[in-house]
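Q: Pasting a structure below so you can have a look.
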Amino acid sequence: MEFATKTIHAGQPSEPETGALIAPIFQTSTYEQEAPGVNRGFDYSRTNNPTRARLETVLAALEGVDYCATFGSGLAAENAILQAYLKPGDEIVIPLDVYGGTYRILNKVFQPLGAIVKQIDLGTPGALEASLSPKTKLVWIESPTNPRLLVYDIAAIAAATHAAGALLVVDNTFATPLFQQPFELGADLVVHSVTKYLAGHSDVIQGAVLAREQAVFEPVKFLQNATGAVPSAFDCWLTLRGLQTFELRVQRHAENADAIANALNGHPLVKTVYFPGLASHPGHEIARRQMTGFGGMVSFELKGTVDEVVSFVSNRRYFALGESLGGVKALICHPARMTHASIPADERAKLGLSDTLIRLSTGCEHRRDLVADLLEGLAVIEQARALNVAVPAGV
Ligand SMILES: Cc1ncc(COP(=O)(O)O)c(C=O)c1O
């Protein structure tokens, strides 16, 4: 079955009792049993729910594996993996540019419980090998990363991780299963903020963990029920609905990102454009090898002041100023003041996160409107400079 067909058909037959083309939301907490302990696969909705089961079947099919557990958020999904695999004294290796929430849960929740977090520059040759020890249980990466969209060689990282007897977790939120299949590259576990491209409409918070091997999956599946951070049936249904247009949406995001990156690249007010699809991007060759598309995210550094950045991001016609990504409506974000504000300025500088960096989540609007909106914003800055007047205030 082709990818787009899976998003519509995998685990989604018409509802058998009525023939309803779209199955209803099984909005129930419990199930009538035929005799004590005799049920039809469902006994309590924290443990299992038909709407959730449908969603887990589709997500597993999209990542090309058999096992998926969904959670009430991406971070709840991350927590289940970390609780399953990190005991006191165990080590986890993460790159410098890991999602802030992952950094926070590791340093504020798991480190105090005795886990050892090693944060390394994955781009430095040999750094990963040097950080691995017999105590390493997990290596955790994203590719492309947030917000500079760095790309890491997943197959090479998987080989080094396995040689040390550890498991590789890949956060595939930015790439999406349409453009990157981490299990084919050697990942043991894949985690998603379903909130983003998979649900796709900025109306759901949800997460998922996927695994190829049952033995690797079981501890996570156990925690889904035992700690109970499960998504509601309604949210699962919303994601199922969103998934039916997943391929169309994500293709459109990627086309828009490509148009925007090329329009910004070389603009006199733009210092650097971060987009793995540009030949000038340091991870371009690896991205071509391990991805089938370059995704829908673009970041760029403005050649200007923080005031100009604030004015630019606050006054766009189509890019709403907001955190998150992957929805049909375009979003713009100023990482230094928003998603990455909790990182001290000197740390941000070490990570290469300039205060004039702007991150775009391209939406499914028409690319001409999105590009025009951005170029208009740059023209306003140019005019203000020419007239020696202040840029329009942030709203
Ligand atoms: C790459 C990545 N992973 C995980 C998460 C956490 O997901 P959630 O917000 O659904 O808890 C996010 C959220 O922004 C993210 O960007």
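The values are calculated or read from the model by the stated rules, or taken from the named source; none is laboratory data. This is a predicted model, so every value here is computed, not measured. Here Cβ is always computed from backbone atoms with ideal geometry, including for glycine, and neighbour counts include all displayed protein chains. Each accessible area value is taken on the protein alone, full model and side chains, heavy atoms only, with ligands, DNA and RNA left out. Shrake-Rupley method; radii C 1.70, N 1.55, O 1.52, S 1.80 Å.
Q: Where in region 266-374 are there helices (runs of 4 or more DSSP H), lying fully within it, with 1 or more residues that are in contact with a helix residue (DSSP H, G or I) (Cβ under 9 Å, 6 or more places away or on another chain)? Steps first, please.
A: On the way: elements: 284-290, 306-314, 345-350.
Correct list: 284-290, 306-314.
Q: Going by the structure shown, is T136 touching a residue at least 24 places away in the same chain (Cβ under 8 Å), among the polar types (S, T, N, Q) and touching a Gly at 6+ places or on another chain (Cβ under 8 Å)? Step through it out loud before you land on a result.
A: Numbers: touching a residue at least 24 places away in the same chain (Cβ under 8 Å): yes; among the polar types (S, T, N, Q): yes; touching a Gly at 6+ places or on another chain (Cβ under 8 Å): yes.
Yes; evaluated as a whole, the condition is true for this residue.
Q: Another question, if that's okay. Scan region 166-196 for residues that are hydroxyl-bearing (S, T, Y) and closer than 16 Å to V98 by Cβ and report the count. Give the derivation first.
A: Step one: filter region 166-196 for residues hydroxyl-bearing (S, T, Y), giving 173, 176, 193, 195.
In the following step, the residues that additionally are closer than 16 Å to V98 by Cβ were identified as 173, 193.
The total comes to 2.
Q: Something else: Only residues that are within 16 Å of the ligand (Cβ to nearest atom), open to solvent by less than 10 Å² (accessible area, probe 1.4 Å), modelled with pLDDT of 95 or more and part of a loop (DSSP other than H, G, I, E, B): list them for region 146-190, please.
A: Within region 146-190, L149, N172, A175, Q180, A187 qualify.
Q: Pick from region 311-321 the residues that are within 17 Å of P147 (Cβ to Cβ) and open to solvent by less than 30 Å² (accessible area, probe 1.4 Å): which of them is farthest from the ligand (Cβ to nearest atom)?
A: Selected residue: F312.
Q: Looking only at region 322-338, filter to residues that are open to solvent by 40 Å² or more (accessible area, probe 1.4 Å) and touching a residue at least 60 places away in the same chain (Cβ under 8 Å); which one of those is farthest from D373 (Cα to Cα)? Explain how you work it out, then say what you get.
A: The first filter runs over region 322-338 and keeps only residues open to solvent by 40 Å² or more (accessible area, probe 1.4 Å), leaving 323-324, 328-329, 337-338.
Keeping just the survivors that are touching a residue at least 60 places away in the same chain (Cβ under 8 Å) gives 324, 328-329.
On the way: S324: 20, V328: 16, K329: 14 Å.
The selected residue is S324.
Q: Another one. Could you list, in sequence order, the residues of region 205-215 that are open to solvent by 10 Å² or more (accessible area, probe 1.4 Å) and within 10 Å of the ligand (Cβ to nearest atom)?
A: Taking region 205-215 first, the residues open to solvent by 10 Å² or more (accessible area, probe 1.4 Å) are 205, 212-215.
Hit for region 205-215 is I205, nothing else.
Q: Between S193, S202, which is out of contact with any helix residue (DSSP H, G or I) (no Cβ under 9 Å at 6 or more places or on another chain), modelled with pLDDT of 95 or more, of a type in the set (G, A, S) and within 12 Å of the ligand (Cβ to nearest atom)? Steps first, answer last, please.
A: Details: S193 fails: out of contact with any helix residue (DSSP H, G or I) (no Cβ under 9 Å at 6 or more places or on another chain).
Sole residue among the options that is out of contact with any helix residue (DSSP H, G or I) (no Cβ under 9 Å at 6 or more places or on another chain), modelled with pLDDT of 95 or more, of a type in the set (G, A, S) and within 12 Å of the ligand (Cβ to nearest atom): S202.
Q: Grab the helices (runs of 4 or more DSSP H) fully contained in region 21-112, keeping just those with 1 or more residues being surrounded by fewer than 20 Cβ atoms within 10 Å (Cβ to Cβ) and more than 16 Å from the ligand (Cβ to nearest atom).
A: Details: elements: 50-63, 74-85, 100-104.
Ranges flagged: 50-63.
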